[in-house]
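Have a look at the structure below before the remarks.
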Amino acid sequence: MDHEHPNPNPHDDPSAGPLFYVTIISTILFVATVFAIAALYFQVEIGETNRQQYQTAIGTAESNRANQEVILNTGPLWTDKAAGTVQVPIETAKQVVARELAGGGTGLPPATGG
């Protein structure tokens, strides 16, 4: 009795072994691709967060500098009126001390009773 293959073309049906290996390899490649894309996404997200924080820090520093410039360039301001403490711009203070020194003064504030 001759055993004939029921299918005239023996290569029509794929064998299970190679299909199993191709499926496993494809799954591993898919998972690796998903992880790689996620890693790239989070790397870009962290970089963007750092950039935004840096820009915020620069803006804060510029704002602080502008506020300090205003304080330095305005006239004398009372810091504590009860204690008699005044905030004077540095250039104005230099001119006052220079005038006092030129007039024979010490250039120092008057002594307080303490």
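The values are calculated or read from the model by the stated rules, or taken from the named source; none is laboratory data. If you're wondering where the values come from, they're calculated on a predicted model, not measured in any experiment. Cβ sites come from the backbone with ideal geometry, for glycine too, and all protein chains shown count toward neighbours.
Some values worked out for this structure:
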quantity: Residue within segment 58-66 that is among the β-branched types (Val, Ile, Thr) and modelled with pLDDT under 90 present; calculated: yes
quantity: Residue within segment 35-42 that is on the phi < 0 side of the Ramachandran plot, surrounded by 10 or more Cβ atoms within 10 Å (Cβ to Cβ) and touching a Pro at 6+ places or on another chain (Cβ under 7 Å) present; calculated: no
quantity: Residue within segment 17-25 that is modelled with pLDDT of 85 or more, exposed (fewer than 10 other Cβ atoms within 10 Å of the Cβ) and of a type in the set (A, V, I, L, M, F, W, C) present; calculated: no
